[in-house]
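Data block below; observations after.
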Amino acid sequence: MTTDQGQDNQEKGKALDKVQAVLKAPRTRRIGWWVAGFLVAFGFFGYFAGPPLLKAVLLKQLSNELQRDVSIERIDINPYALSASVAGVSIKDKAGKEVVGFDELFVNLSSFSIFQYGAVVDEIRLSGPRVAVARTGEGTYDISDLIEKWSKPSEPSPTPRFSINNIQILNGKVVFEDQPLGKTHTISDINLALPFISSLPYQAERLVEPSFAAVINGAPFVMKGRGKEIFEGRQESELNLDLDRFDLAGFQPYLPANFPIRLGGGLLDTELRLVFKELSDKVFSLTLVGGVHLSELAVSESSGAPLLGWTRLDVDIADADLVNRRFAIQRVALDGLDAHVSVSKQGEMNWVRILNKLAAEGEAGKSAEAPAPAAGPEWVLEGAQLTNGKLHWRDESNVRTTEGQVFDIAVTVGKVDGKLVDPIEVTEASYKVDLGERMRIGSMQVRGIKLDLKNHRVDVAEAINSATRIVMVRNKEGKIEWVSSPVLKTVRTAKQELSDERPWIANVGKVQVSDLAFRMEDQTTRPAAVQVVDGFNLVGENLSTEPGKKGNVSLSSRVNQKGSLKVSGAVQLMPLQTALKIESEAIPVLPLQPYFTDFLNIELTRGLVSNIGELNLQMGKEGLEGGYKGSLTLGDLITIDKVNNADFLKWKSLYFGGIDVR
């Protein structure tokens, strides 16, 4: 074994002697000197001769190509690191205004470019880029000559072989001056990072994660991303989209002149994540999650009339699958809704008019052979809330113009499925109404609503109304002047396939009305007959339109200031059937005199009606049927002769008992 080791050592020694002999050979020394000289010359040229030559070439070529003044501060080349930087570049127009410029461009090439037969860049960094563009007229810009030159069609060419890695843009700025509109839009503090853009199967060491940040017209916008391998061969990428108070009103000048609405304000904020997943071969998902917020919205008609606005809208997206069109919305919250609805004398509603114009523009843009529409998206909303809402109403289509508002609107809605199979639950809805003297509602609250669209059913746990004031007028022509439905010019009807003739069923567990006042003025009589009901209080339980189902009601009220009325008993709405106990006391008859004074030669100066009895009504085959059992008292009656103006008939009390009218 010792002999074998000795032979190996001898062979290694001989090989080493041969290598040393080759290195000491004159030919090897000459090659070494040539290589060393080439490296020194390469470095000398790169450091000292290359930059001024490259600068001169770039200045000449760029000036000829752009037809603008080009300046370059300096160029540095590191030949051994295969890197170069160009600093202080500025391109100016004939007036001396800078169009494009940047502080420094750094490029680090890779030696793998030789083996890939293409350009391989390990890192590229652009610092302080600046772009300034001006719109000088309709469809014209101060760089229109370059746009026309570069947009000319060229012969198609194969995709170049390249791999650009670790791309960075730092502290950029873009200024767009819209001279016809007198507006300037600025995108500043631009920072962009991309791991790579490549047409080659090569990636350098990743030094950056994908991101983008900028300040757009004063509103910060941030996008941050990351990529990872969720399991072998499957990739997942994520991009954060963060926008802070982006002003949407800046887009208004660029909407078509005939666009029916005007965007006066709107600040957009987002905290979104866009996630791309490769689930399997040729199966991908692209989902969006996060929040979208739109505040201080102001939308008006093209005429300037206000249309819609709100203080803040929040939309929390749980999972929006953009590929498969499945959307899960966690919450929608709208605060400070301010909507305007108006109907003209011709019966034209503002919202219908605007929607028709938008629909007409959409139809005009469709192809004659447009493909059949795809199935609708699937969606589910876990909950929605409206607070501090207000609806402005103006109706000029009726006898008298009605104007007012519904305000303090608050609605809380539970889960809603896009298929609308399950009932929609509304936890609570409340509002107030002010339509001038015609109608005011101090408070209206509805709780525990279940809306079953599939089965045509509405269930309400409780409805509470208080401090309602109603004034109704019957004018000299016999027409009722009150809050009437608008007389619309056109009424859209549902398509036949969407129609459903099944009746709706409504159930209300409890109805409570307190402090209601009603005034009716009939101007067809001389003098006008005025009836007043105030202090009206009502409690109803288990009221329903379901056939055969009975409920209970009880009410009390003051009539014409002096009288009182009490009603209680059972009520069936479908078909109508009642068994009510009625008790009235000292109801003045004088306000009814205008209806019969022309038929009598006497005039009533005083009279009170009271009763105790039971009223039964029911809807029969031939119409409404009913009867009254009880008593009636006509008291404190005084009448005078119209001709002689002397007392005609008077009594203290006239009592009728055992009345049975059927």
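The stretch between Glu378 and Leu286 holds 31.6 nm of extra length on full extension. This uses 0.36 nm per residue minus the Cα-Cα distance.
If one computes the Cα centroid of region 610-649 and of region 374-426, what distance in Å separates the two points? Each part's Cα centre sits 46 Å from the other's.
Quick one: dipole size for region 520-644, taken about the Cα centre, charges +1 on Lys/Arg Cβ and -1 on Asp/Glu Cβ, in debye to the nearest 20. Display every interim value, and only then the final one.
Details: 11 positive and 14 negative charges, 46 e Å.
For region 520-644, the charge dipole is close to 220 debye.
Inter-label distance, Glu65 to Lys277: 4.5 nm, where each label sits 7 Å from its Cα along the C-beta direction. Computed on region 68-124, with alpha-carbon pairs under 8 angstrom and 6+ residues apart, the relative contact order is 27 percent. The aspartates and glutamates within cross-link reach of Lys97, meaning a Cα-to-Cα straight distance under 19 Å and a gap of 8 or more places when in the same chain, are Glu65, Asp69, Glu73, Asp142, Asp145, Glu177, Asp178. Annotation for Glu541 and Asp647: the two label points, set 7 Å from Cα along the Cα-Cβ direction, are 5.0 nm apart. Round to a whole angstrom and tell me the spacing of the C-alpha centers of region 79-103 and region 433-448. Their Cα centres are 68 Å away from one another. Other residues within the sphere of radius under 13 Å centred on the Cβ of Arg326, judged by their own Cβ, net out at -2 (K and R +1, D and E -1). Of all aspartates and glutamates in the structure, the ones whose alpha carbon falls short of 18 Å from that of Lys549, not counting any fewer than 8 places away in one chain, are Asp459, Glu462, Glu541. 3J(HN,Hα) along region 64-74, derived from phi through the Karplus expression 6.51 cos²θ - 1.76 cosθ + 1.60 where θ = phi - 60°, amounts to 5, 6, 8, 6, 9, 6, 10, 10, 10, 6, 7 Hz, with x in place of Gly and Pro.
Between Lys562 and Leu322, what length in nm is gained on full extension when 0.36 nm per residue of separation is reduced by their alpha carbon distance? Write out the running numbers ahead of the final one.
Numbers: separation 240, 0.36 × 240 = 86.40 nm, distance 6.82 nm.
Fully extending the segment from Lys562 to Leu322 adds 79.6 nm.
So if R0 is 45 Å, what FRET efficiency would Ala56 and Ala213 give, r being the distance between their Cβ atoms, rounded to the nearest 0.05? The value I calculate is 0.75. What you get for region 243-336, charging only the Cβ of Lys and Arg (+1) and of Asp and Glu (-1), is a dipole of about 240 debye around the Cα centre. Subtracting the Cα-Cα distance of Ala249 and Val532 from their residue separation scaled by 0.36 nm leaves 96.7 nm.
What FRET efficiency would be calculated for the residue pair Tyr628, Leu451, taking the C-beta separation as r and a Förster radius of 41 Å, to the nearest 0.05? Let's see the in-between values first.
Working: r = 39 Å, r/R0 = 0.95.
With R0 = 41 Å, the Cβ-Cβ based efficiency is 0.55.
Compute the Cα gyration tensor for region 56-163, then decide on rounded, prolate or oblate, letting a ≥ b ≥ c be the square roots of its eigenvalues: rounded whenever a/c is under 1.5, prolate when a/b is larger than b/c in the other cases, and oblate in all that remain. Judged from the Cα gyration tensor, region 56-163 comes out oblate (a/c at least 1.5, b/c at or above a/b). Region 331-359 and region 162-197 have Cα centres spaced 39 Å apart. The modelled label-to-label distance between Glu403 and Leu555, using points 7 Å beyond Cα along the C-beta direction, is 3.3 nm.
Between Ser151 and Glu614, what FRET efficiency follows from the Cβ-Cβ distance if R0 is 51 Å, with the result rounded to 0.05? Mind dumping the intermediate values first?
Details: r = 90 Å, r/R0 = 1.77.
After rounding to 0.05, the efficiency reads 0.05.
When nucleic acids and ligands are ignored and a 1.4 Å probe is applied, Glu521 ends up with an accessible area of around 40 Å². Remark: for residue pairs Lys224/Lys277; Lys476/Lys566; Lys60/Lys149; Lys357/Lys432, the C-alpha separation exceeds 28 Å in Lys476/Lys566; Lys357/Lys432.
The values are calculated or read from the model by the stated rules, or taken from the named source; none is laboratory data. None of these values were measured; they are calculated from a predicted model. Quick reminder, even Gly has a Cβ in these numbers, built from the backbone with ideal geometry, and neighbours come from all protein chains shown. Calculation scope for accessible area: heavy atoms of the full protein, side chains included, ligands and nucleic acids excluded. Shrake-Rupley method; radii C 1.70, N 1.55, O 1.52, S 1.80 Å.
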